[in-house]
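None of the figures in this text is laboratory data; all of them are computed from the coordinates on show. The structure presented is a predicted model; accordingly, all values stated were derived computationally and were not measured. Cβ: placed from backbone, ideal geometry, glycine included. Neighbour counts: every protein chain shown.
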Amino acid sequence: MERLIHLSDLDIDYSSLSDNFKDLTHLAAKVAGTEISLVNLIDSYTQWTIGNHGLDVDQTPREDTVCQYTIMSDDQLEVPDLTADERFNKKDFVNDPMSLRYYFGIPLKDREGINIGALCVMDTKFKTMSPEKIELLKIIAGEIVNRLKSYKAMDDLKSQVNEANESKKKVAHDIRGPLAGIIGLSQIISEQGKSANIDEVMDFINLIHSGSKSILDLADEILSEDKEVVNQHSNTQFHLSSFRDKLKELYGPQAISKQLQLQFNVNQETQYIPFSKNKLLQITGNLISNAIKFTPVGGKVTVGLDLIVKSDKNVLSISVSDNGVGISKDEIASILEGNSHTTKGTSGEKGYGFGLSLVKHLIEKLEGQLEIRSELNQGTTFEVYLPQNNS
């Protein structure tokens with residue numbers, strides 16, 4: 001659970017980083033002398049490949065990976081012959097067309113020493129890895145983690161810039177009213193001054209008028225700059241339409257792999273109102289993966305996205321429904337207490353017992369609510385409500 005929380009704190013869009021690690025995966029393959037090199041992050045249900053060389057892959061069910069064992073080790077994992085290891089000799093990757101034989105993996109450790117993923121190299125031929133090569137691969141793994149930290153820091157900085165610009169915009173709005181009043185007053189005094197023919201008063205009033213007009217123009221300039229900056233940093237936000245598209249991209253392959261229908265319903269009236277993307281992919285992704293896991297082949301998973309507009313705080317509503325095996329009342333109570341346990345999926349998918357506990361934890365951190373409705377053998381609906389700061 002602690003490992004998953006550390007991974008969720010990075011708040012990564014797993015589909016957005018593939019171009020950022022091409023040099024390092026290529027270098028790792030060259031150092032190791034292997035055909036394949038991958039950078040993998042592993043969450044509750046899925047291994048997400050955020051960098052690859054020699055193998056075009058985006059995601060893999062966690063139970064079908066070798067790296068799930070690498071993240072359990074402190075140092076490294078070497079499998080000299082995948083066909084001779086009972087953990088892997090029945091996996092698809094040891095058969096045609098991949099026919100993989102050799103694996104070497106190094107955990108990706110964050111600053112607290114928690115393993116969030118793995119750098120791995122693989123080959124169709126048997127290999128040996130010298131101590132010198134292992135040390136070089138560990139250096140590359142460290143650079144991968146440093147880059148992940150840098151991307152997170154940049155995202156945080158963009159969020160702070162957005163907040164600062166929002167404050168600046170409010171200040172600009174606040175000063176426009178008083179300044180407009182000063183200008184109007186100075187115009188009245190100026191007109192009275194002309195009729196009284198008071199030259200010195202006129203000169204002073206004209207200076208006030210000119211200075212106030214300049215400040216008003218500056219306020220307008222600040223407001224126009226805010227619009228540009230907010231648009232430049234729109235990647236720290238979602239709206240319902242872009243949120244739906246991202247979920248389709250990330251979790252559509254999982255549904256197709258299990259021959260399920262994955263349907264999205266979006267409120268058309270509020271689909272372009274922006275809201276923060278903070279932790280949304282982690283929360284909703286875990287719920288979708290969980291629904292896919294417990295829905296039989298040929299079933300259906302429906303995701304509903306809505307933004308409830310309110311005067312004080314908008315509320316993002318997310319629902320994930322399936323027509324799967326359902327959850328008992330005791331299990332629902334356990335989930336809501338944050339104590340969900342591992343269960344195998346409808347196609348024998350291995351469970352790890354942390355996905356829904358992580359969802360509960362993240363929702364609570366965002367001051368949201370989680371509701372669950374279910375009937376055994378008829379399906380389950382998870383409903384999430386997350387308050388959003390109105391812009």
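Worth pointing out:
- Available extension along the chain between Met72 and Ile139 is 22.2 nm, counting 0.36 nm per residue and deducting the alpha carbon span.
- As a rough footprinting exposure proxy, the listed residues Phe88, Phe104, Phe126 were ranked by other beta carbons within 10 Å of their own, and the order from fewest upward is Phe126, Phe88, Phe104.
- The distance linking segment 101-124 with segment 255-307 is 30 Å (Cα centroid to Cα centroid, whole angstrom).
- Computed from label points 7 Å out along Cα-Cβ, the spacing between Arg373 and His26 is 5.3 nm.
- Per residue, the average separation of C-alpha pairs within less than 8 Å and at least 6 apart gives segment 2-129 a relative contact order of 25 percent.
- All-pairs Cα distance distribution in segment 75-134, expressed in whole percent, bin size 10 Å: 22, 46, 26, 6
- Fraction in percent of alpha-carbon pairs per bin - 10 Å, segment 2-129: 13, 47, 34, 6
- The mean sequence separation of alpha-carbon pairs under 8 Å and at least six residues apart, normalised by the residue count of segment 236-389, gives a relative contact order of 24 percent.
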